[in-house]
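Remarks on the structure that follows.
Nothing in this text is a laboratory measurement; each read-out follows from the coordinates by a stated rule. None of these values were measured; they are calculated from a predicted model. Ideal geometry is used to build each Cβ from the backbone, glycine not excepted, and the neighbour counts take in all protein chains shown.
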Ligand code: GLU
Ligand code: MG
């Protein structure tokens, strides 16, 4: 990228929550930082979202080095003179990557596909709510322009501040290759889709998309949230992950025109691997106590380990397109997922299916909850602790993502859960206090 006019480089990476952390560097420092990295305290990986450091005291909080990936340098369209750059995290001696870096974990998994001459291609679909200040409410926020049935309406009536055009333009300028933006089903709920790309670029796009939506919302005095179920009386927000594989000739190899359903063997193995690891994958796709409130049979989400053709209730949905667009969609996640971890974990699962030549059960069709119970597929975890238990039991996933990363993630999240277990929710007083 041409650095003309750039005074500041914003160096960013994802913490384990997927939150963008970083430093602003004077342009003159860039070269030295590319070589040596810039230090961050490792505590950034064990800090929860309520300002507590959950772990890491025993090592005295070492430094880690963030090193720019120059291929990701891009102008920040809404801040003239500022460029953004993604970083990879290394140990300070620069001899090896830092094991807790989620982008690094995705790189490690991708190297295994490369050895098989397969290139995973991905596309994130992220839904989110925009909220405006509401002094009167307990949370301080209400749904932005929250009219009824706003789905697929575009323009000033459901988006008086013109947020969608602003987000589309900014995401285009940031190189995210947006392809559509629309009002989703919920009141004040939106979705912005970006073009598919090799998996590392796709995860970078998802990470940057979340950052840019939150940034532009903040600049307008709004709050953007990607959590799965922000409101009791409205739709949840999903992070649907589309995945396909290309062969050594860079051609989609998921299709077999001679197969009944048009799917190649490698695709079947991949699907079977994803299903085999589904409960553990949820620890990364649904990493909050809130996420599990979104997952119930009345929503367009999975609650069972199953797959199907163009069925929005399944864990793995196979869209009808074939040829270069033959792909699968994992529908369980919500936007509280760290996109690097969710993508890396799904690829580990798919790779395990390929290596062990697993085959999926029969695909489900129709309203799956009307099928006999033993045909619906095993139930998914219904709470975050259950998903963490499944992750604990999944040695393949733990080994491939790295024990250091998984242990740090679990420690951080157990700390969050322990805080939640002690917290009295508003529901309890409302439900019990008057009568009991
Ligand atoms: N909002 C739904 C979810 O929570 C998905 C709707 C859709 O398929 O776009 O995943
Ligand atoms: Mg949607």
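Brief remarks follow.
- Three-way shape label, region 26-85, alpha-carbon gyration tensor, a/c 1.5: oblate
- Size of region 75-120 as Cα extents on the principal axes (Å, biggest first): 43, 30, 14
- Normalised by the number of residues in the chain, the average gap of Cα pairs under 8 Å and 6 or more apart makes the relative contact order 16 percent.
- Tensor-based shape of region 161-269 (alpha-carbon gyration tensor, a/c under 1.5 rounded, otherwise prolate or oblate): prolate
- Burial ranking of peptide ranges 331-344, 218-231, 118-131 (average Cβ count within 10 Å, highest at the top): 331-344, 118-131, 218-231
- For region 177-191, backbone nitrogen atoms closer than 16 Å to the point 7 Å from residue 310 Cα along Cα-to-C-beta are found at no residue.
- Distance from the alpha carbon centroid of region 104-156 to that of region 399-435 works out to 22 angstrom.
- Maximal additional length on extending the residue 370-residue 21 stretch stands at 121.1 nm, based on 0.36 nm per residue less the C-alpha distance.
- The label point for residue 433 and the one for residue 3, both projected 7 Å from the Cα toward the Cβ, are 5.8 nm apart.
- The tail of the calculated P(r) for the chain beyond 41 Å holds 14 percent of all Cα-Cα pairs.
- Reported to the nearest whole Å, the Cα centre-to-centre distance from region 181-209 to region 293-327 is 18.
- Annotation: Cα Rg of region 43-196 relative to the compact-globule expectation 2.2 N^0.38 Å equals 1.36.
- Among beta bridges that DSSP assigns inside the chain, antiparallel share in %, nearest 5: 85 percent
- Calculated [222 nm] ellipticity per residue, helices only, for the chain: -9500 deg cm²/dmol; basis is -39500 (n - 2.57) per DSSP H run with n ≥ 4, divided by all residues, nearest 500.
- Efficiency of FRET from Cβ geometry, residue 71 and residue 300, R₀ 60 Å, rounded to 0.05: 0.95
- Using the Cβ-Cβ distance between residue 232 and residue 28 with R0 set to 45 Å, the FRET efficiency from 1/(1 + (r/R0)^6) comes to roughly 0.30.
- Cα pair count fraction exceeding 26 Å, expressed as % - region 305-436: 40 percent
- Overall form of region 221-328 per C-alpha gyration tensor (a/c, 1.5; a/b vs b/c): prolate
- As a length-normalised measure over Cα pairs under 8 Å and 6 or more apart, the relative contact order of region 158-251 settles at 20 percent.
- Net length gained if the chain between residue 169 and residue 423 were fully extended (0.36 nm per residue, minus Cα distance): 87.3 nm
- Cβ-derived FRET efficiency at R0 35 Å, residue 185 paired with residue 115, nearest 0.05: 0.25
- Projected onto its three principal axes, the C-alpha set of region 235-279 covers 38, 21, 19 Å, listed from the longest axis down.
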